[in-house]
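Below is one structure, written out as structure tokens; the observations come after it.
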Amino acid sequence: MAGVRVLENFIGGEWVEARGERAREVVSPVTGERLAEAPEASAEEISRAARAAREAQPRWAALSAWERAEVCHAVADLLEERKEELARQLSLEQGKPYRSEAIPDIEETAENFRVAAEDVKRLETAVIPSQDANKRIFTFREPNGVYACITPWNFPTVIPSELIAPAIAAGNAVVAKPSEWTPISMANLVQTMADAGLPGGVVNLVYGAGEVGERLVTDPAVDCVAFVGSHQTAERIVRSAGLRRTLIEASGNGPVIVCADADLRRAAKGAVFGGFYCSGQVCCATERVLVDRSVHEDFLRAVVEEARSWKLGDPFEEDTLVGPMNNEPTAAKMDRHLEDAVGKGASVVLGGGREEGRPTSLYYRPTVLDNVGTDTLINRDETFGPIVPLIPVSGDEEALAVANDSHLGLQAAVYTSSLRRAFAYLRNLRVGNVVINDSTDYWEALEPFGGAAGTRTGWGRVGGRYSLLEMTDLKTVVLDFG
Ligand code: ADP
């Protein structure tokens, strides 16, 4: 076995050996081997990282958007050059299939840097007519300062890049804290950024779990927080952030609505993709499928046929489409949700547990459940596992009521062949994003992505120029020529 890698903090442009006493082992969900040791950053290290960002930020912001964009493009170039090795380590640490998911993840990471680089050049603002003939009022956008970027383990390079790329393109500096489950991918991303010529201090990196995140959020040198993760953690972060500006993308409970007039094959394909991609560990995964009773039987048949082609296995084997889940707490939650639904009358049609004889106990069989009730944990909460649960409903009114009876409102999908019906759903669904006739698990770099107000999915939008708007502020100038 290769030696266990000892990760170091990245502060002020240098890898710094950790001083803290505590470290956390990173174990591969694929093989069970120890991959690395990540230090828990001490209070002193967190504050040094934040101060390094604070010091570097004004110089970085003083460059032109074109100069910062050039660095972002260089990062993207290098990510593409290193794609295979980065993806290999990502699969090994996260569990996702190498060919169908890890490689596209690195490509999307590079794309996020390119999009931020190009969009920041087009961040125009308004000129406002003045009441006074001698005056002109105009605005421009300024970076917000130092960002703490706190990210989860399901997309350990894509999600950090969704936050870090626009943050730095706009002239902010960053202290990044990856999930304790996937620090290696973040270390590799930061190394690539440094090698591409990012000036020291613009991005800093510390490791650790919630306690480290908490300290980082409240550090006096941190101005703003960008967070992607669970809604429970989001609530804690918002409380500790006080008046700091926050960008919060939290959990979803993605309903797929299959109407009586839906193309059932297409709906089955989309529901299964949304349920099994990344083992269902996606904030916009298909968490529940509300199927009209009139097409229930036919739809179930189509789902089962589609689901059988999603092979569980070693992420490095070419035909594997489902890898192991990332960690035990998430797999245990899937166990609980499954048990709860079955206890309340649901039936297991496919899968329904972990596969024996694998190197770890995280290989969860892709699962299809039928006749899931609305009083279940599956319907009410985010499951975050490889599951397609069918909840039969009678008509659009009931589908809409079940879909909206949720405290999480991120992304929904509706399958219908009627434009009128689609329009009614997209107006009435309490979610930030609606997909008509494709999977809930749909995302692209330029679309504004985020949760609906009134739900606990967070606020703000990431994607394209929308992230840049979040991460900058208007400065208004009144010029008197008189
Ligand atoms: P997930 O299970 O999707 O990773 P979590 O919300 O548990 O979601 O974690 C997301 C990120 O938030 C991780 O980097 C985690 O270490 C961090 N985190 C957890 N608790 C806190 C906290 N109280 N303050 C700041 N960050 C936290």
Helix 395-404 sits off the longest principal axis of the Cα atoms of the chain, rounded to the nearest 10 on a 0 to 90 degree scale, by 40 degrees
Is the range 255-436 rounded, prolate or oblate when judged by the Cα gyration tensor, a ≥ b ≥ c being the square roots of its eigenvalues, rounded requiring a/c under 1.5 and prolate requiring a/b larger than b/c? prolate
Antiparallel bridges, percent of DSSP beta bridges restricted to the chain (to nearest 5): 40 percent
Excluding residues fewer than 8 positions from K96 in its own chain, the lysines with Cα under 28 Å of it are K83, K177, K269, K311, K333
Added length on full extension, which subtracts the Cα-Cα distance from 0.36 nm per residue, E8 to A133: 39.1 nm
What order, most packed first, do the peptides 284-292, 18-26, 464-472 have when packing is the mean number of other Cβ atoms within 10 Å of each residue? 284-292, 464-472, 18-26
Which order do the peptides 380-393, 155-168, 430-443 take when ranked by the mean count of other beta-carbon atoms within 10 Å per residue, highest first? 155-168, 380-393, 430-443
Gyration tensor verdict on the chain (Cα atoms; rounded if a/c is under 1.5, prolate if a/b is larger than b/c, oblate otherwise): oblate
Could you size up the charge dipole of the chain around its Cα centre, putting +1 on the beta carbon of Lys and Arg and -1 on that of Asp and Glu, and report it in debye to the nearest 20? 1020 debye
If you count, for each residue, the other Cβ atoms within 10 Å and average over each peptide, how do 345-351, 109-115 line up from highest to lowest? 109-115, 345-351
For the range 459-482 and the range 299-348, what is the centre-to-centre distance using only Cα atoms, to the nearest Å? 44 Å
Taking the Cα centre as origin and putting +1 on Lys and Arg beta-carbons and -1 on Asp and Glu beta-carbons, what dipole magnitude results for the range 255-436, to the nearest 20 debye? 360 debye
Any aspartates and glutamates with Cα under 18 Å of the K121 Cα? List them, leaving off those in the same chain fewer than 8 positions away. E67, E70, E111, E142, E162, E447, E470, D473
Taking the Cβ of N253 as the centre, find all other residues whose Cβ is under 13 Å away and add up their charges (Lys, Arg: +1; Asp, Glu: -1). 0
What residue among H73, A36, A50 has its Cα farthest toward the positive end of the dipole of the range 1-84, where the charges are +1 on Lys, Arg and -1 on Asp, Glu, each on the Cβ? A50
For D314, D375, D263, what ranking results if the residue with the fewest other Cβ atoms within 10 Å of its Cβ goes first? D375, D263, D314
Under 12 Å from the Cβ of E118, count the other residues' Cβ atoms, weight Lys and Arg +1, Asp and Glu -1, and hand me the total. +2
With r as the distance between the Cβ atoms of E55 and Y442 and R0 = 45 Å, compute the FRET efficiency 1/(1 + (r/R0)^6) and round to 0.05. 0.65
Per the C-alpha gyration tensor (a ≥ b ≥ c, the square roots of its eigenvalues), the range 1-139 is rounded if a/c is under 1.5, else prolate if a/b beats b/c, else oblate; here it's oblate
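Laboratory data are not the source of any read-out in this text; all were calculated from the coordinates shown. These numbers come from a predicted model, not from an experiment. Here the Cβ is made from the backbone with ideal geometry for all residues, glycine too, and neighbour counts use every protein chain on show.
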